[in-house]
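Everything below concerns the one structure shown next.
The values are calculated or read from the model by the stated rules, or taken from the named source; none is laboratory data. From a predicted model like this one, the values you see are computed outputs, not experimental measurements. With ideal geometry, Cβ positions are generated from the backbone for all residues, glycine too; neighbour counts draw on all protein chains shown.
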């Protein structure tokens, strides 16, 4: 029976959960995840867990924060003036805004979560929502196609 190797094209289904059981992402048989092992389309720990698995095999994979979306960084919290946001938007805690930031002389649209509101200011968090969390993936290999080395 074929086992997953580097450069193979694999089709998997999965459920991604936080340690408390909260599901943050799923992939089903009608919408599986298809990628090439070694292409870095998924976290390396997840890719490595697939090596040696066969079609139909299931496995739980645990990713510590540094293997997933990294630790939460306090330097990615920023206080901004509300006047930089459109008057049509009434920012609420938990809302994700698309803000312009400049990096290396170029402007980029970046998502930021509102974590605090004041009279004239907002505190926004540029961390990925899954940063700082241990992630648990329940993966099942659906199919394997041999890749080219």
Among (1) touching a helix residue (DSSP H, G or I) at 6+ places or on another chain (Cβ under 8 Å); (2) under 30 Å from residue 8 (Cα atoms), there is one condition residue 144 misses while meeting the rest; what is its number? (1)
Does at least one position in the range 73-81 carry a residue that is in contact with a helix residue (DSSP H, G or I) (Cβ under 6 Å, 6 or more places away or on another chain) and at pLDDT 95 or above? no
When the range 49-58 is checked residue by residue, the ones that are in a loop (DSSP other than H, G, I, E, B) and in contact with a strand residue (DSSP E or B) (Cβ under 6 Å, 6 or more places away or on another chain) are 52, 53, 55, 57
Please state which one of 124, 142, 61 is over 30 Å from residue 5 (Cα atoms) and touching a strand residue (DSSP E or B) at 6+ places or on another chain (Cβ under 6 Å). 124
Of the residues that make up the range 65-82, is at least one without any contact (Cβ under 8 Å) to a residue 60 or more places away in the chain, crowded, with 16+ Cβ neighbours inside 10 Å and more than 30 Å from residue 116 (Cα to Cα)? no
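Residue-by-condition table, conditions (1) touching a residue at least 40 places away in the same chain (Cβ under 8 Å); (2) on the phi < 0 side of the Ramachandran plot:
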residue: 26; (1), (2): no, yes
residue: 56; (1), (2): yes, no
residue: 62; (1), (2): yes, yes
residue: 90; (1), (2): no, yes
Counting only strands (runs of 3 or more DSSP E) entirely within the range 64-149, those with at least 1 residues that are under 30 Å from residue 51 (Cβ atoms) and more than 19 Å from the chain's Cα centre (by Cα) are 135-145
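With the requirement that a residue be in contact (Cβ under 8 Å) with a residue 60 or more places away in the chain, part of a strand (DSSP E or B) and under 24 Å from residue 133 (Cβ atoms), what does the range 1-24 give you? Steps first, please.
Within the range 1-24, the subset in contact (Cβ under 8 Å) with a residue 60 or more places away in the chain is 2-19, 24.
Filter again for part of a strand (DSSP E or B), leaving 3, 9-18, 24.
Correct list: 12, 13, 14, 15, 16, 17, 18, 24.
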Would you call residue 100 on the phi < 0 side of the Ramachandran plot and in contact with a strand residue (DSSP E or B) (Cβ under 7 Å, 6 or more places away or on another chain)? yes
Looking at the structure I just gave you, is residue 2 in contact with a helix residue (DSSP H, G or I) (Cβ under 7 Å, 6 or more places away or on another chain) and either within 21 Å of residue 142 (Cβ to Cβ) or modelled with pLDDT of 90 or more (or both)? no
Here are the criteria: (1) in a helix (DSSP H, G or I); (2) within 14 Å of the chain's Cα centre (by Cα); (3) loosely packed, with under 15 Cβ neighbours inside 10 Å. Tell me which single one residue 46 does not satisfy. (3)
